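Structure record follows, encoded as structure tokens.
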Amino acid sequence: MWLGKFLDFEDDIEMLRSKIKKEIFKKIKKNKLTPLEFTTIEVIFNSSALSGYDIIQTLNKHFAGTWKARSGTVYPILSKLERNGFLNSKAVKSPIGPIRKVYTLTDAGEEILKVKVNKNFFDQLKFLENFIIELSSIYVKSYPKQEMSSVIEEVLATLNESFERIKGSIPSTLRFKAKCTNCGIEIGRKVAYCPFCGTQLAPEEEIKVENSKVQE
């Protein structure tokens, strides 16, 4: 299971140390991350700053039902990443709610993420391509032979739709900006609470529904 693997950062950190002031990396206390820890860092990077609640919602969207992020799993990971120098956190008081902890990447965490993605980007795309081919083949072969032609057409149509969504989403994720109604800060994705001032941005009913899902 990929969740049990580790991503090794030792060589990446050594390379970065030679390029950037060593002080940036002095708080990094481990050279390996699990895929889930790394994915959590990616989620925070793409939003600049997120509360634990919004990280859980984004992870669940990311995994699309194949795995469920829960507070009992995610919050210990966030504490561990902060303790090991990858994250910073700050308490933010919401004008209408309790104090919430908001997470951002440290300079070291951000640099390590960028280097790791840049080094492996095209290899990872190839991995995803191979995975989709294998998955699609198994799916088609799970049907009787007389149905395979129509199933192949369905799979091809679905893949085309998926790739069109991917191509259309990449520029929009870079352009998307929402403004907090209280502090006016621009936010990189839809969130329940402003990560800078804590203002509630999603309807109360929606937050209650999502909270119940997280705790299930």
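Numbers below:
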{"item": "Test result for residue 89, touching an Asp or Glu at 6+ places or on another chain (Cβ under 6 Å) and closer than 14 Å to residue 40 by Cβ", "result": "yes"}
{"item": "Residue 86 vs. criteria loosely packed, with under 13 Cβ neighbours inside 10 Å, within 20 Å of the chain's Cα centre (by Cα) and hydrophobic (A, V, I, L, M, F, W, C)", "result": "no"}
{"item": "Flag if residue 157 is aliphatic (A, V, I, L, M) and modelled with pLDDT of 95 or more", "result": "yes"}
{"item": "Residue satisfying all of: in segment 34-49; at pLDDT below 90 and of a type outside the set (Ser, Thr, Tyr); farthest from residue 8 (Cα to Cα) among these", "result": "49"}
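The values are calculated or read from the model by the stated rules, or taken from the named source; none is laboratory data. Worth saying up front: this structure is predicted, and the values here are computed from it rather than measured. Backbone-built Cβ (ideal geometry, glycine too); neighbour counts: all protein chains shown.
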